[in-house]
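Student: Structure provided below as structure tokens; questions to follow.
The values are calculated or read from the model by the stated rules, or taken from the named source; none is laboratory data. Nothing here was measured: the structure is a model prediction, and the numbers come from that model. Reconstructed Cβ throughout: ideal geometry from the backbone, glycine too, with neighbour counts over all protein chains shown. Note: areas computed on protein heavy atoms with side chains; ligands, DNA, RNA excluded. Shrake-Rupley method; radii C 1.70, N 1.55, O 1.52, S 1.80 Å.
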Amino acid sequence: MKIALNWLLFATESLGALIILWLGVPIYRRLLMGVTNEQAGANVFFWASIGVTVIQVSYWIRLRCFPPPRFSRQLVLGHAIQFLGRLSFVFIGGMFGVVFFTRFQQLEFSVWKVSVLLAVLFSMFCYALDLDRLGKAFWETQADPVHGARRS
């Protein structure tokens with residue numbers, strides 16, 4: 001039951017990240033093309049808030065209540081999972097860079113919008129950390145209970 005709950009929480013966390021990425025890609029494209037006169041609607045902030053909430057609740061429950069998973073060694077799968085985590089955060093970091101370093105003077109900001117953006121950044125950072133932990137679980141060796149082998 002605990003294993004199923006752990007994976008359900010991870011799937012929920014992944015759904016939150018997918019919501020954020022689904023909303024973020026079109027915004028990112030518009031900003032890169034120089035379209036800064038369009039403001040994100042209330043529905044974007046609503047869904048971004050849902051994505052952030054889902055990620056944060058799932059992440060912190062998993063971090064506090066479940067030990068890191070252990071799997072048999074699969075280097076390629078572990079590296080692929082870590083790559084996905086880094087890739088998701090690179091996208092969000094790129095969006096942050098476009099917003100704050102290249103288009104900052106062209107955008108209208110409010111405390112609310114900046115808060116949502118920072119919450120999205122932090123949530124995607126947490127998700128990337130979780131993917132990193134999952135990837136490491138696939139490429140780290142397990143201790144041999146018979147011989148007491150060390151983890152590498």
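Student: I need the full set of residues from the range 1-21 which are surrounded by 10 or more Cβ atoms within 10 Å (Cβ to Cβ) and at pLDDT below 85, in order please.
Tutor: Hit for the range 1-21 is L21, nothing else.
Student: Oh, and also: State which residue is nearest to F122 (Cα to Cα) when the search covers only the range 56-70 and only residues that are surrounded by 15 or more Cβ atoms within 10 Å (Cβ to Cβ) and among the hydrophobic types (A, V, I, L, M, F, W, C).
Tutor: The selected residue is I61.
Student: To continue, here is another question. Check whether at least one residue in the range 86-101 is at pLDDT 85 or above and either open to solvent by 40 Å² or more (accessible area, probe 1.4 Å) or not basic (K, R) (or both), and report yes or no.
Tutor: yes
Student: Let me ask you something else. Just checking, does the range 111-130 include any residue being at pLDDT below 85 and either acidic (D, E) or part of a loop (DSSP other than H, G, I, E, B) (or both)?
Tutor: no
Student: Go through the range 55-77 and report how many residues are in a helix (DSSP H, G or I) and over 16 Å from W7 (Cβ atoms).
Tutor: 5
Student: Which residue pairs have Cβ atoms closer than 7 Å, lie 6 or more positions apart in sequence or on different chains, and pair a first residue in the range 131-147 that is more than 12 Å from F71 (Cβ to Cβ) and of a type in the set (D, E) with a second residue that is open to solvent by less than 70 Å² (accessible area, probe 1.4 Å) and modelled with pLDDT of 50 or more?
Tutor: D132/Q82; D132/G85
Student: Would the range 22-41 turn up any residue that is assigned to a helix (DSSP H, G or I), hydroxyl-bearing (S, T, Y), surrounded by 13 or more Cβ atoms within 10 Å (Cβ to Cβ) and modelled with pLDDT of 75 or more?
Tutor: No, the conditions are met nowhere in the range 22-41.
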